[in-house]
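J.: Just dropping this structure here.
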Amino acid sequence: MRILVVTVVHHPEDARILHRQITALRDRGHHVVYAAPFSAREVRPRPDLEGIDLPRAVGRNRRTAMRAARTLLAERGHEADVVLLHDPELLLTLPGTLRRWRRSGTGPVVVWDVHEDTAAALAMKRWVPGPLRPPLRLGVRAAERLAERHLRLLLAEDAYQERFRRTHPVVPNFTTAPTGAPEPPGTERVVYVGHLSRARGALDLIETARHLGPGMRVEVAGAADPDVRDALT
């Protein structure tokens, strides 16, 4: 199959998108085109993977990325058998294109990979004004119901089932198990790998490190949101 994977929010090297899903799809022989904010994140598409550069949606600056994603889906979406979307923002780019695909009878299957509880995460976004958060949460819930009616959904956690009426496949963010026995764990080092943000518990991670006591070293690896970078240094 031909699969178009699209994100304007996540890092192009996102573990779930690139290292799990895209790798698994390619291992099964599928052709993948990966559209992501490569330039904005200062990375290049892998030489053996067809990449399309998109602007990055960050903070309140989302219009340019949304327009680019809408154009991409309108111009190239019909070339794919499956379009795999990784951001709730991308749901807003679909209505007109979905109608055209359905009228022509040649459109792809569209899948939304639900990474997080978007409505709850809005409460942690400093760029969202406080008075706008309640109506935005209601809007997100309404968008999720519409997405369930018109798209295929893929969930990252079992708990996300509670937000939807039907049962959807759950693909947890499990790491690849090593083929051999791993080395025994140490007692002086704790490592966290992943995105660092308030919503993902970066400040809780720092506080946990303070309570581990002398002799313990906590190392974090991953992109950090601006509002937590000073606390991490």
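The values are calculated or read from the model by the stated rules, or taken from the named source; none is laboratory data. Only a predicted model underlies this, so the values are computations on that prediction, with no experimental measurement involved. Neighbour counts are summed over all protein chains in view; Cβ atoms, including those assigned to glycine, are modelled from backbone coordinates with ideal geometry. These accessible areas exclude ligands, DNA and RNA; they are computed on the full protein's heavy atoms, side chains included. Shrake-Rupley method; radii C 1.70, N 1.55, O 1.52, S 1.80 Å.
J.: Among the residues of the stretch 181-228, which ones are within 27 Å of Val58 (Cβ to Cβ), surrounded by 12 or more Cβ atoms within 10 Å (Cβ to Cβ) and free of Cβ contacts under 8 Å to residues at least 12 places away in the same chain?
T.: Once the filter is applied, which keeps residues that are within 27 Å of Val58 (Cβ to Cβ), surrounded by 12 or more Cβ atoms within 10 Å (Cβ to Cβ) and free of Cβ contacts under 8 Å to residues at least 12 places away in the same chain, the stretch 181-228 yields Arg200, Gly201.
J.: Tell me which residues, restricted to the stretch 1-48, are polar (S, T, N, Q) and either over 17 Å from the mean Cα position of the chain (by Cα) or in a helix (DSSP H, G or I) (or both).
T.: Gln21, Thr23, Ser39 - these are the residues of the stretch 1-48 that are polar (S, T, N, Q) and either over 17 Å from the mean Cα position of the chain (by Cα) or in a helix (DSSP H, G or I) (or both).
J.: How many residues are hydrophobic (A, V, I, L, M, F, W, C) and either over 15 Å from Leu85 (Cβ atoms) or open to solvent by 70 Å² or more (accessible area, probe 1.4 Å) (or both) when one looks only at the stretch 19-48?
T.: Within the stretch 19-48, residues that are hydrophobic (A, V, I, L, M, F, W, C) and either over 15 Å from Leu85 (Cβ atoms) or open to solvent by 70 Å² or more (accessible area, probe 1.4 Å) (or both) number 4.
J.: Could you please find all residues in the stretch 164-179 being over 16 Å from Leu154 (Cβ atoms) and among the aliphatic types (A, V, I, L, M)?
T.: Matches in the stretch 164-179: Ala177 only.
J.: Looking at (1) part of a helix (DSSP H, G or I); (2) within 19 Å of Ala143 (Cα to Cα), which is the only condition Val110 fails?
T.: Only one criterion is unmet by Val110, namely (1).
J.: Only one residue in Arg63, Arg70 is among the basic types (Lys, Arg) and touching a helix residue (DSSP H, G or I) at 6+ places or on another chain (Cβ under 6 Å), so which one is that?
T.: Residue meeting the stated conditions: Arg70.
J.: Of everything in the stretch 146-165, what is open to solvent by 20 Å² or more (accessible area, probe 1.4 Å), in contact (Cβ under 8 Å) with a residue 12 or more places away in the chain and of a type in the set (D, E, K, R)? Give them in sequence order.
T.: Listed by number, the residues that qualify are Arg152, Glu157, Asp158, Arg163, Arg165.
J.: Another question, if that's okay. Going through the stretch 49-69 one residue at a time, which ones are of a type in the set (A, V, I, L, M) and over 17 Å from the mean Cα position of the chain (by Cα)?
T.: Leu49, Ala68, listed by residue number.
J.: Report, by residue number, each residue of the stretch 49-98 that is of a type outside the set (Val, Ile, Thr), in a strand (DSSP E or B), modelled with pLDDT of 90 or more and surrounded by fewer than 19 Cβ atoms within 10 Å (Cβ to Cβ).
T.: Glu50, Gly51, Asp53 - these are the residues of the stretch 49-98 that are of a type outside the set (Val, Ile, Thr), in a strand (DSSP E or B), modelled with pLDDT of 90 or more and surrounded by fewer than 19 Cβ atoms within 10 Å (Cβ to Cβ).
J.: Kindly establish whether Thr208 is among the hydroxyl-bearing types (Ser, Thr, Tyr) and in a helix (DSSP H, G or I). Talk me through it step by step, then tell me what you get.
T.: Details: among the hydroxyl-bearing types (Ser, Thr, Tyr): yes; in a helix (DSSP H, G or I): yes.
So Thr208 fits the description; yes.
J.: Just to verify a result, which residue in the stretch 109-144, among those that are at pLDDT 80 or above, open to solvent by 20 Å² or more (accessible area, probe 1.4 Å) and of a type outside the set (Lys, Arg), is nearest to Met66 (Cα to Cα)?
T.: Ala143
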